[in-house]
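Engineer: Here you go, one structure.
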């Protein structure tokens, strides 16, 4: 992925990782469109930034995705980078029967959303000759969080989908996976201030430095996430599973809101 001169669509660009990375890509000399469900949040992301644009999109709404993409390509025919970042994380108890709305919404947003966005843009990106797809997964794709099982499962599925997509599009579209660790964002209540999680600005700075490498790595992995990404290959899976779940439970108990 070239460092500048791109036209980038960032889903989930109104807050957290999406907003921080969108602003840094913009600072690097790219045109950036941020998309998300909340217009006000998107407006705050793009405020005062020329060549940065806001569009409302709900990736969980299949009917609107195609219309959104058609309008987007008409307005930005030079669009060449899709970053599938939009996602939700819900805590779920598995010990008893429950309402599955959270699980179903998580699958809809985190897995079907990126698949639909990719499908809607794939012909355009292939024709561009400089097309890039970035799928944002998670360290939890490799070692799951027991309290967020569906979130972990969707990220594991998106990792597998990204591997297949990279192979299928070899020589046509560059496919990159970004797997964040636990970052201080609003993904779950109180997470913005949760001790032990990576500060958002530090994470975004490290990610942009990795994207500047030539060639761009197929997996963007900050140092903090490597203990999860490499756990199984290094024979540490059970240890990592126990460690991250104990850490997350302790962090939530100490600072729940």
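Engineer: Just to be sure, is residue 158 at pLDDT 95 or above, surrounded by 18 or more Cβ atoms within 10 Å (Cβ to Cβ), farther than 19 Å from residue 113 by Cα and in contact with a helix residue (DSSP H, G or I) (Cβ under 8 Å, 6 or more places away or on another chain)?
Structural biologist: So residue 158 does not fit the description; no.
Engineer: Determine, yes or no, whether residue 131 is buried (at least 18 other Cβ atoms within 10 Å of the Cβ), farther than 24 Å from residue 236 by Cα and modelled with pLDDT of 95 or more.
Structural biologist: The answer is yes for residue 131.
Engineer: Can you find even one residue in the range 170-186 that is in contact with a helix residue (DSSP H, G or I) (Cβ under 8 Å, 6 or more places away or on another chain), modelled with pLDDT under 95, surrounded by fewer than 19 Cβ atoms within 10 Å (Cβ to Cβ) and not in a helix (DSSP H, G or I)?
Structural biologist: Yes, that holds for at least one residue.
Engineer: Before we move on, is residue 195 under 21 Å from residue 90 (Cβ atoms) and at pLDDT below 95?
Structural biologist: no
Engineer: Separate question: Tell me, which strands (runs of 3 or more DSSP E) lie completely within the range 1-100 with 1 or more residues that are free of Cβ contacts under 8 Å to residues at least 60 places away in the same chain?
Structural biologist: 31-36, 52-56
Engineer: I would also like to ask the following. When you scan the range 207-226, do you find a residue that is surrounded by 12 or more Cβ atoms within 10 Å (Cβ to Cβ), free of Cβ contacts under 8 Å to residues at least 24 places away in the same chain and more than 26 Å from residue 27 (Cα to Cα), even just one?
Structural biologist: yes
Engineer: Next question. Output the residue which, of all residues in the range 86-106 that are more than 18 Å from residue 64 (Cβ to Cβ) and under 14 Å from the mean Cα position of the chain (by Cα), is surrounded by the most Cβ atoms within 10 Å (Cβ to Cβ).
Structural biologist: Selected residue: 106.
Engineer: Oh, and also: Does residue 217 fit the bill of being out of contact with any strand residue (DSSP E or B) (no Cβ under 7 Å at 6 or more places or on another chain), outside any helix (DSSP H, G or I) and modelled with pLDDT under 95?
Structural biologist: no
Engineer: Looking only at the range 115-157, which residues are within 20 Å of residue 77 (Cα to Cα), part of a helix (DSSP H, G or I) and either touching a residue at least 12 places away in the same chain (Cβ under 8 Å) or touching a strand residue (DSSP E or B) at 6+ places or on another chain (Cβ under 7 Å) (or both)?
Structural biologist: Selection gives 116, 117, 118, 120, 121, 122, 124, 125, 126, 128.
Engineer: Is it the case, given these coordinates, that residue 83 is under 30 Å from residue 31 (Cα atoms), touching a helix residue (DSSP H, G or I) at 6+ places or on another chain (Cβ under 8 Å), modelled with pLDDT of 95 or more and crowded, with 17+ Cβ neighbours inside 10 Å?
Structural biologist: Against the criterion (under 30 Å from residue 31 (Cα atoms), touching a helix residue (DSSP H, G or I) at 6+ places or on another chain (Cβ under 8 Å), modelled with pLDDT of 95 or more and crowded, with 17+ Cβ neighbours inside 10 Å), residue 83 qualifies.
The values are calculated or read from the model by the stated rules, or taken from the named source; none is laboratory data. Keep in mind that what you see is a predicted model, and the values were worked out from it rather than measured. Heads up, the Cβs are rebuilt from the backbone with ideal geometry, glycines too, and the neighbour counts pull from every protein chain shown.
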